[in-house]
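The block underneath contains the structure these notes are about, expressed in structure tokens.
The values are calculated or read from the model by the stated rules, or taken from the named source; none is laboratory data. Fair warning: this is a prediction, and the values are worked out from it, not measured in the lab. Quick reminder, even Gly has a Cβ in these numbers, built from the backbone with ideal geometry, and neighbours come from all protein chains shown. Just so you know, the surface numbers come from the protein's heavy atoms only, side chains and all, with ligands and any DNA or RNA stripped out. Shrake-Rupley method; radii C 1.70, N 1.55, O 1.52, S 1.80 Å.
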Amino acid sequence: MGRRTITVHHVRAVLAGAARGGIDTVPLLQEAQIPPLLLGDDRARITPAQFARLFRALYRTTQDEFLGLSAVPSRPGTFAMMCCASLGCRDLGAAVERAATFYGLFPGGPELALEVTGAEARFTVQNDFTRDEERFLTECVLAIWHRLSSWLIGRRIPLAYAAFAYPPPPHEAEYEILFDCPVRFGADRTGAAFDAHWLAAPLVRDEAALDAMLRRAPFDLLSRPEYGTTVAEQVRRALARQLRTSPRLPALAEVAARLAVSPATLRRRLQQEGTSFQQLKDHVRRDAAIAGLAESGEPIADLAARLGFSEDTAFHRAFRRWTGTTPGAYRIASGSRARDGCCRGLLINQVRASCLDPRRACRTAIPTLLRGSTSRS
């Protein structure tokens, strides 16, 4: 329940290469139990489990570690061989250099570089993938590099900042969560900066640990770890923990007391981090609601009560505000109830017919979905 949900932007972005390659993406979404209609609403979100299933389905279908987002595919096993090549290095700096050299051998792959200026080291992705219009692959390379480097030395490497060589996208708020550091847009190149002393850290992993990690890769390296390094993360963790056992979320003063600060100080620190206590409460409830609808058959009325809503109507209003759709519509479209199969089939055909314009598909099909789900939601 406590895990963060994922913006629908990442769903559209990860599917883009397969769609351009002529692959029907609707069956992939069905396999991942992601409602295809959600792709038409920028407010929509999915669970990490749904995204992991989609990633694995895409990997199996494309047989390309770049998922069709580069002009030249990367054969399965390339990432594993890069990891093997880097594992025997004396320290992290040598391992990063070797990884950059390794991928430089493959045309169309990421052009990686490690730059050191004084006490600051910077890992950069210097090329733009020609088919990666949403920059998803570029951002994945940067995130995976950071998580892999931290895994190799057995310690999290704090990033000073992450910089991106393009204007801020509509979902820019996701970036600080993904990289756990300040972010900059409009930079000269895409990269992440950290203290150069980490480059001297010895590698602590062996081949057995590498084999275990690769069985879970790459999604485990892409998933957002909650380090608890920000006040917002600490508050969110406290709220999510409470929601597992009680529908009543603690008040700001209660959480402040747990963190040994005054309510005013907590409110100010959250504001400095670009959020608020109410926003965090909404996000925790939203993520728990999406997980409950997508991954269980719990009645919607029971789910609403478990999340602290005194009336079903209040839950419906909140869920529509969070995601752009109703709880019943989300559950039916996600395929969690078999008796709605005929309705889903009609909707999927509408989405497939309009797959080049998911927002248009959303506008034409959602009324049908809502009419069919009114009595069941």
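Assorted remarks:
Table: residues versus (1) buried (at least 19 other Cβ atoms within 10 Å of the Cβ); (2) touching a residue at least 12 places away in the same chain (Cβ under 8 Å); (3) small (Gly, Ala, Ser).
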residue: Leu203; (1), (2), (3): yes, yes, no
residue: Glu207; (1), (2), (3): no, yes, no
residue: Leu210; (1), (2), (3): no, yes, no
residue: Arg215; (1), (2), (3): no, no, no
residue: Leu221; (1), (2), (3): yes, yes, no
residue: Gln234; (1), (2), (3): no, yes, no
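- Residue count for segment 193-203 satisfying the condition of being aliphatic (A, V, I, L, M) and either out of contact with any helix residue (DSSP H, G or I) (no Cβ under 6 Å at 6 or more places or on another chain) or assigned to a helix (DSSP H, G or I) (or both): 4.
- Of all the listed residues (Ala113, Ala85, Ala100), the sole one being open to solvent by 30 Å² or more (accessible area, probe 1.4 Å), over 24 Å from the mean Cα position of the chain (by Cα) and closer than 28 Å to Pro202 by Cα is Ala85.
- Residue count for segment 65-82 under the criterion of being exposed (fewer than 15 other Cβ atoms within 10 Å of the Cβ) and part of a helix (DSSP H, G or I): the result is 1.
- Arg53 being within 15 Å of Ser334 (Cβ to Cβ) and open to solvent by 60 Å² or more (accessible area, probe 1.4 Å): yes
- Among the residues of segment 251-281, just one is within 23 Å of the chain's Cα centre (by Cα) and among the β-branched types (Val, Ile, Thr), namely Thr275.
- Among (1) open to solvent by less than 20 Å² (accessible area, probe 1.4 Å); (2) touching a residue at least 60 places away in the same chain (Cβ under 8 Å); (3) farther than 19 Å from Pro202 by Cα, the one test that Thr138 misses: (2)
- Screening Ala260 against (1) open to solvent by 40 Å² or more (accessible area, probe 1.4 Å); (2) part of a helix (DSSP H, G or I) leaves a single unmet condition, (2).
- Identity of the residue in segment 7-32, in contact with a strand residue (DSSP E or B) (Cβ under 9 Å, 6 or more places away or on another chain) and either open to solvent by 20 Å² or more (accessible area, probe 1.4 Å) or outside any strand (DSSP E or B) (or both), that ends up nearest to Thr323 (Cα to Cα): Val8
Results for (1) modelled with pLDDT of 90 or more; (2) in a helix (DSSP H, G or I); (3) aliphatic (A, V, I, L, M); (4) within 29 Å of Gln50 (Cα to Cα), shown as yes or no for each residue.
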position	(1), (2), (3), (4)
Glu176	no, yes, no, yes
Tyr227	no, no, no, yes
Ala232	no, yes, yes, yes
Arg237	no, yes, no, yes
Arg244	no, yes, no, yes
Leu249	yes, no, yes, yes
Val255	yes, yes, yes, no
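- Residue list for segment 83-120, restricted to those being hydrophobic (A, V, I, L, M, F, W, C), out of contact with any Asp or Glu (no Cβ under 9 Å at 6 or more places or on another chain), closer than 22 Å to Ala196 by Cβ and not in a helix (DSSP H, G or I): Leu112, Ala113, Val116
- Scanning segment 141-150 for any residue that is part of a loop (DSSP other than H, G, I, E, B), small (Gly, Ala, Ser), touching a residue at least 40 places away in the same chain (Cβ under 8 Å) and open to solvent by less than 10 Å² (accessible area, probe 1.4 Å) turns up nothing.
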